[in-house]
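Q: Below are the structure tokens for one structure; questions will follow.
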Amino acid sequence: MKSINDRSQDIGPFVSQTDDAIIICRCEEITKGEIRQAIHDGMFTVNEIRRYLRAGMGLCQGQTCGKLVKNLIARELNVIPDQLDPATSRSPMRPVEMKVLGNEEVSHV
Amino acid sequence: MSKYNDVIIIGGGIIGNATAYYLAKKGLSVTVLEASKDIGIGGSSRNGGGVRQSGRDTRELPLAMWGIKNLWPGLSEELGVDVEYTQKGNLRLGKTAAHQKILQGLTDKAVSCGLDVRMINGDEIRAINPYLSDEVTCASWCPTDGHANPLTATLGYYKKARELGVRFITESPCFELRKIKGVIRQVVTPDAIYEADKVLVAAGFDSRKILATVGIDVPMMPLKMECLVTEAEPPMFLQMLGTADADFYGHQSKHGSFVFGGSSGFEHLNKDNGSPISSSIGASCTCRGIIKYFPALADAKIVRAWAGWLDDCADHVPVISPVEEVPGLYIACAFSGHGFGIAPAVGYNVAEMIADGHSTIDLSALRYDRFKPKQ
Amino acid sequence: MKRYDLIVVGAGPSGLSAAIEAARCGMSVAVFDENAKPGGQLFKQIHKFFGSKEHQAKIRGFKIGETLLAEADEAGVEVFLNATVAGIYLDKEVLVQIGAAMEHFKADTIIIATGAAENMITFDGWTLPGVIGAGAAQTMMNLYGIKPGQRVLMLGSGNVGLVVSFQLMQAGCEVVALVDAAPKVGGYGVHAAKIARCGVPFYLSHTITKAEGSDCVSGVEISQVDEDFIPIPGTQKHFDVDTICLAVGLSPMSQLLKMAGCNMVDDPRRGGQVPQVDENGETSIPGLFAAGDVSGIEEASSAMIKGRMSGLAAAAYLGFLNEQDKDNRLADLEVALDSLHQGMFAPGSKGKTFAKTDEGIAVSQSLLKKGYLDDADIERFIHRPDQTIKNSGIHPVIECTQNIPCNPCQDACTRGCIKVGKTITALPRIDAANSCTGCGMCIASCSGQAIFLVDEDYAPGYASITLPYEFLPRPQKGELGTALSRSGQPLGHAEIIDVRNAKAFDQTTLVTIKVPVEQAMTARFYQPKTNAAGQSGKKEIRQ
Amino acid sequence: MNRISEHPILGETEKGQLVTFFMDDKMMEGYAGEPIAVALKAAGLMVHRYTHKAHEPRGIFCAIGRCTDCVMIVDGVPNIRTCITPLVAGMKVQTQDGVTALEVNK
């Protein structure tokens, strides 16, 4: 299996595509072209793309675009998508108001 | 593919990446070995983004002041990545007489080092940040402090260093450092043995076990800290914030979201499952802390919380040092939770230390062998 | 802290099934679900389920949901609704948002049954209002009684795309086309046939290239794709639609398991990122289970069995069930699961192409390409050696041509006319030695609506055809309309000679039409003059 | 016209009390307890918000509270997922523009 660990490997030049303007991350409005460019900047993992571009870091936390981003990276690096880890799972699973999150109740027996 | 380099850096965090970049700029060949799958996965991407001078120990303050003067303002342009550096001051907030005393102490020390920082009262505080509750009665105010985006800064250094030819290898944890004929020479990973004249260990808490393979110890412990981020909100304020009580710290990012860290008081006791998993109480506790200071944020929604390990040094000040007893070995770790703001300055000065044998800022107070038992 | 023997996350088919089994073993069980209504997808599934009796075949999804809720209630399961699990932490601590508070709970075992999320594909304009997930369409129509749109294009020919297309028409929407980039229909042929005979055209090897509109969808452009799924220039077709529905697969919603620290694997056959589990759904963390779609995409019938298995395993883990009872009961469930995991659509058959059925009959290519059986297919499947068929007097015609796990038709016929046998994926076989009374139970019991009663001797020159009908308004006896072919083409006038509604038919109306005898084997649907199925007027415009 | 008055399988949809609410200062009707998005859809409203960067329209997408595309300002609070937030009599719903309310009078 091809490794993505050597970040200096040649993945070819960035060549613009006709559909680069299509939105991939709906929340943060990150386009396919931006993500592809970021991969050529060296961002080879879903976590790195998230942190570099904010793709998958908006209100829905990547629930819609997670798989799309992963597939884009895989295609650009010419690896199979299963080889790439999805983004780290974090609580809270849904957006929650500070006043609610701070309002803890320890349920009693 | 040659496994030989002028310098090998162990750790692909912001310290490793920044040092790699400044070394590459000096024309040295550099390989960065990162243990995990992601670049900048440790404290570099888990911190609150503070670029502060105020509140720092006097031993690291010169580094902080130099970096803010010389590197941060031009960093976005230099790296070609928006690091979102915002220099709009730092408010360290207090509510009680005890807080006032803590803040005054920190302020006096910083002033003696030539930093522009002063104590201000409630009215002055709310003139700077009108969203703070009336309970806030005192603060230290340092107008030249600020904040930046740790994610883009860390990856920006990575991107630029990579462009300059630095090799980055992920999933390559260092098992062992080896000396050959009395000098550092080899870095052993599961897949390969890399060779270099000089090795920098900048692997956060893992540095301790790596350094142990050549008989060096840095007295530090991991400490799990927790952070959270809100949805994007309309712009409210630009300052970096902290509190005397350390209930929370953070800022509003350029994106509009608020990034806050906080403490529940159980950090030193927190357990984990091998990865820095959030505790069940951390984020809730931080929210309560924030709402006490910012009632207006009560409806802001938290979209994500995370935890990270600090490499907490015995004296809570980093170790940035050559190791003369192991020629060719350098250390930059034990940043104790406040490494991000000084990272560019550390990278710049460590690169000088490695390449030129001396650095712009005198780092001798941060040596690895400074720790002395009670006399 | 309040502690339960078992906390289940997700009150869908799998979670409720798990909770019921565990509670019946004597465990204290809490189920948390973020939705206002329990039942997960079951309450959006208004079609009759496949399988056999033990899988609750021929019962509509939402009724199975009602039964599960009643069983859970009876077993003493506490179901918390509007209860969003924020996270699972060390020591099996669960943080739940219930109303305006976060509550901490502990459990000795946890079963994650959070189900799946819809996959999406991107195209120019896919963010426009009016482009929605198929699940969104189901939620709007079947939970909240609202039409997703008036004119809809469906992308995706898997079972979700096919079933939701039919549901859209039942809700009164018009489905203008069913599109899939794959070269053949992905879901059950019987589901495809149901919508094809309503006149919905199938565009296989096509994909959406553009959603048109400024503030919301006003049209859609599709294009043919080549073997690499790249759109072929010059093949664009345009449809005026206000809604584009995406049904392009599901992914396990496994974030909680990942957060809890379970070992995860990426398994395309299970739909994506899933936990490593043993045969009962136990993850790498002892006492933490995953059941249903979250541990591999299947359908609700399998999810219910898997939920039961995890519930029993959790009970055994805590000593509420002895090992022998556990083994016996799990063995029974495994048999039930195995019988669903057979045939052309079994999880193990993913990606395989079948040239012939288990009976050795060449499969219908027309069904796979256009959604309906052509005349040669009918000849091959009806007049096959293993069944005898009458061509006089009333008799069933079964247009079930793929090996899918389903056998209610066999049980429905009290006269023994229909035989499936032990292997429930076998094609049903007609035994003409037994005489059909025309009771219609086979029609109503067929989840795929693939059984018709034909009488070539209804009247001189005329045949009668009894067919299943699930649209409004229900036709009236004496009404005149149009007979439609399997492809939805008008064949000529049809007169309604009988309309039967019975409790046992469960909302499926049996409509008997009178057509010229030569249409006995071609007329398969009825279109009223003032059309109900939402497809009115379209054919006139299109032809 | 978007409401299904009678469904061949489900019969009549159970509805709460008919109530009024405000949509960008316009009075609208819906049934209490149904998701806000359903009441808006019944009235034919498609655009829930305009995005921050490109000012593009967005509406219902997943309808189950996951994608967060249908968020609006509800009683002054932005980013409320209207597909899962029950309608309450007198609610003030506003089209969201970025993270603030759309200026409707402009």
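Q: For the cross-link pairs B:K25/B:K88; B:K181/B:K374; A:K70/B:K224; C:K37/D:K15; C:K147/D:K26, which exceed 25 Å when the distance is taken from alpha carbon to alpha carbon?
A: Beyond 25 Å between Cα atoms: B:K25/B:K88; B:K181/B:K374; A:K70/B:K224.
Q: Please list D:1-8, C:83-90, C:320-327 highest first by mean number of surrounding beta-carbon atoms within 10 Å per residue.
A: Final packing ranking: C:83-90, D:1-8, C:320-327.
Q: Relative contact order for the stretch C:374-542: what percent, with Cα pairs under 8 Å and sequence separation of 6 or more?
A: 19 percent
Q: Which distance in nm do the two modelled labels at D:V104 and C:T353 give, with both placed 7 Å along the Cα-to-Cβ direction?
A: For D:V104 paired with C:T353, the spin-label model returns 5.6 nm.
Q: Here's a follow-up. Give the aspartates and glutamates reachable from C:K503 as a straight Cα distance under 18 Å; neighbours fewer than 8 places away on the same chain don't count.
A: Straight-line reach from C:K503, under 18 Å: C:E66, C:D411, C:E470, D:E12.
Q: Would you list C:S214, C:S302 from fewest to most Cβ contacts within 10 Å?
A: C:S214, C:S302
Q: May I ask which of B:K301/C:K44; C:K48/C:K350; A:K32/B:K159; C:K306/C:K419; C:K419/C:K529; B:K3/C:K258 have a Cα-Cα span longer than 26 Å here?
A: With Cα atoms farther than 26 Å apart: B:K301/C:K44; C:K306/C:K419; C:K419/C:K529; B:K3/C:K258.
Q: Based on the mean of other Cβ atoms within 10 Å per residue, sort peptides C:267-274, D:20-27, C:414-421 so the most packed one is first.
A: C:267-274, C:414-421, D:20-27
Q: Something else: Quick one: angle between helix B:97-112 and the longest Cα principal axis of chain B, in degrees between 0 and 90, rounded to 10, please.
A: Helix B:97-112 and the main axis of chain B meet at about 50 degrees.
Q: Counting other beta carbons within 10 Å of each Cβ, put C:K514, C:K503, C:K184, C:K477 in order, fewest first.
A: C:K503, C:K477, C:K184, C:K514
Q: Sticking with this structure for a sec: Once both axes come from the Cα atoms, what is the angle between helix C:300-317 and the longest principal axis of chain C, in degrees from 0 to 90, rounded to 10?
A: Between the helix axis and the principal axis of chain C, the angle is about 20 degrees.
Q: Let me ask something else. Which whole-number percentage describes the relative contact order of chain A, with Cα contacts under 8 Å and a sequence gap of 6 or more?
A: Relative CO of chain A lands at 22 percent.
Q: Give, rounded to the nearest 20 debye, the magnitude of the charge dipole that the protein assembly as shown has about its Cα centre when Lys and Arg contribute +1 at Cβ and Asp and Glu contribute -1 at Cβ.
A: Its charge dipole is roughly 400 debye.
Q: Using only atoms on other chains, find how many Cβ atoms lie within 10 Å of each Cβ of peptide B:159-168 and report the average.
A: Other-chain Cβ atoms within 10 Å of each residue's Cβ, averaged: 3.
Q: Now a separate question. Please state, rounded to one decimal and in Å, the Kirkwood hydrodynamic radius that the protein assembly as shown gives when every pair of distinct Cα atoms enters the mean of 1/r.
A: That comes to 32.1 Å for the protein assembly as shown.
Q: Follow-up question, since we're still on this one. Relative to the longest principal axis of chain B, what angle (0 to 90°, nearest 10) does the C-alpha long axis of helix B:61-70 take?
A: Roughly 90 degrees between the two axes.
Q: What's the exposure ranking of C:V31, B:V81, going from fewest to most Cβ atoms within 10 Å?
A: Ordered by Cβ neighbours within 10 Å, fewest first: B:V81, C:V31.
Q: Same structure, new question: Under a cut-off of 17 Å between alpha-carbon atoms, report the lysines in cross-link reach of C:K422, not counting same-chain residues fewer than 8 places apart.
A: Cα-Cα hits under 17 Å: C:K53.
Q: Sticking with this structure for a sec: Take every DSSP beta bridge with both residues inside the protein assembly as shown and express the antiparallel ones as a percent of the total, to the nearest 5.
A: Just about 70 percent of them are antiparallel.
Each value in this text was obtained by applying a stated rule to the coordinates, not by laboratory testing. Bear in mind the structure is a predicted one, so any value in this text is a computation, not a measurement. Counting neighbours? That spans all protein chains shown, and the Cβs are built from the backbone with ideal geometry, glycine included.
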